[in-house]
C-alpha cells in the first residue's frame with residue numbers, strides 16, 4: 001500500500017477501495033493521499049494476493065492483482081487519478097503468468113488468451129486512463145472480466161465500510177432480507193438467542209397502517225411485552241445489523257470486511273462471531289473474515305498468522321505488519337501478555 005489516509009482502519013479501507021476501483025466503471029472512489037510533504041505527490045500502490053479459482057474450469061491457484069495510481073495536478077482529493085500500472089497475475093506451480101497488464105505510457109494493453117480478445121481489439125482501446133481494465137472489459141461484456149468484476153462486487157456486499165465512514169445496515173434492509181430468506185432468519189434468531197441477551201424470539205411485524213412501515217421487536221424471558229428494536233441495548237442493535245453481513249459471507253460472498261466489529265459487543269460475543277469462520281460446520285465454503293478491532297482481549301483466541309498490527313509513526317503515517325513477521329514470537333505463547341508489555345508493538349502512548 002502506498003500513501004493513503006492513516007488510521008486503524010487503513011488496511012480495510014484500502015482493500016475496499018481497491019475492490020471498488022477494479023470492479024466499477026465510475027468515479028465513486030476518492031483517494032486522499034497522505035498529506036506529508038514527502039508523500040502527497042507519490043503514487044498510491046495496492047496489491048491484493050490470494051488463492052482464487054478465477055479461470056473457468058480451473059482449480060484454485062495463487063493470484064495477485066496489482067494497481068498503481070498516480071495523480072494529475074495538485075496532490076489532493078480533487079486531483080484526477082490515473083492508472084500508472086495494472087496487472088492480474090497467476091502463479092501456477094509457482095511460475096509467474098500474466099492474465100493482463102497495462103501501463104500509462106500508451107503501450108497496448110496485454111491480455112491473455114483466456115479473455116478471448118485479440119491484441120488489436122477495439123475494446124482494449126476503450127480502457128480510459130482513470131479506469132481499470134477489469135471494470136472496462138466487464139462493462140463491455142467480456143465474459144472473464146464480467147466474472148472477475150462480479151466476484152469483487154459480491155465481496156463488497158458483506159462490508160460496513162462506505163468511503164471514509166463505517167455504516168450500519170439499514171433496519172429496513174435487514175428486515176426485507178430476513179423476510180425473503182426464512183432459513184437465514186432462523187440462523188440470525190439462533191445467534192441472537194445464544195448471545196446470552198435474555199431474548200427468546202424475534203418478531204417482524206407490519207405497522208404500515210399506522211404509517212411506520214415494518215418493525216422489529218424481541219420477546220424476552222421474564223417480560224410481559226415485546227421490546228422494539230429501537231429500545232433494545234446498543235449491543236443487541238449492533239448484533240442485529242451485523243449478522244446479515246456475516247451470513248452473506250458464509251453462504252455466498254466468501255469474504256466479509258467489517259470495521260469496528262467489537263463496537264458495543266462483549267469480547268466473548270465477538271469471539272463467537274470469529275469462531276463461525278473457523279468451524280467447518282458453520283463455514284463449509286471456507287469464507288474469510290477481515291476485521292478491525294481495538295479489543296485486545298481477542299488476541300488470546302487468535303493465531304499469530306491471523307493478526308495484523310496497525311500503528312502510527314511519529315509523522316502520523318500508518319504502518320501495518322503481521323505478527324508472523326515478529327522475530328522470536330513462538331506459536332505456543334499467549335499473545336495478549338506479549339502485546340501488553342510492548343513485544344508486539346502497536347501500543348498507544350497517551351500523554
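The values are calculated or read from the model by the stated rules, or taken from the named source; none is laboratory data. Bear in mind that the values here come from a model prediction, so they are computed numbers and not experimental data. Neighbour counts run over all protein chains shown; Cβ positions are idealised from the backbone, glycine included.
Brief remarks follow.
- The range 138-149, subset in contact with a helix residue (DSSP H, G or I) (Cβ under 8 Å, 6 or more places away or on another chain) and farther than 15 Å from residue 19 by Cα, residue surrounded by the fewest Cβ atoms within 10 Å (Cβ to Cβ): 140
- Within the span defined as the range 123-137, every residue fails to be assigned by TED's automatic domain parsing to the domain that holds residue 217, part of a helix (DSSP H, G or I), surrounded by 16 or more Cβ atoms within 10 Å (Cβ to Cβ) and free of Cβ contacts under 8 Å to residues at least 60 places away in the same chain.
Yes/no per residue for (1) modelled with pLDDT under 80; (2) in contact with a strand residue (DSSP E or B) (Cβ under 8 Å, 6 or more places away or on another chain); (3) more than 20 Å from residue 318 (Cα to Cα):
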{"site": "26", "(1), (2), (3)": "yes, no, yes"}
{"site": "35", "(1), (2), (3)": "yes, no, no"}
{"site": "42", "(1), (2), (3)": "no, no, no"}
{"site": "56", "(1), (2), (3)": "yes, no, yes"}
{"site": "63", "(1), (2), (3)": "no, yes, yes"}
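- The listed residue being in a helix (DSSP H, G or I), modelled with pLDDT of 90 or more and either closer than 30 Å to residue 204 by Cβ or touching a helix residue (DSSP H, G or I) at 6+ places or on another chain (Cβ under 9 Å) (or both), out of 178, 88: 178
- Residue selected from the range 280-331 under the condition in contact (Cβ under 8 Å) with a residue 40 or more places away in the chain and in a loop (DSSP other than H, G, I, E, B), by the criterion nearest to residue 264 (Cα to Cα): 294
- Of all the residues in the range 320-351, those that are exposed (fewer than 14 other Cβ atoms within 10 Å of the Cβ) and in contact with a strand residue (DSSP E or B) (Cβ under 6 Å, 6 or more places away or on another chain) number 2.
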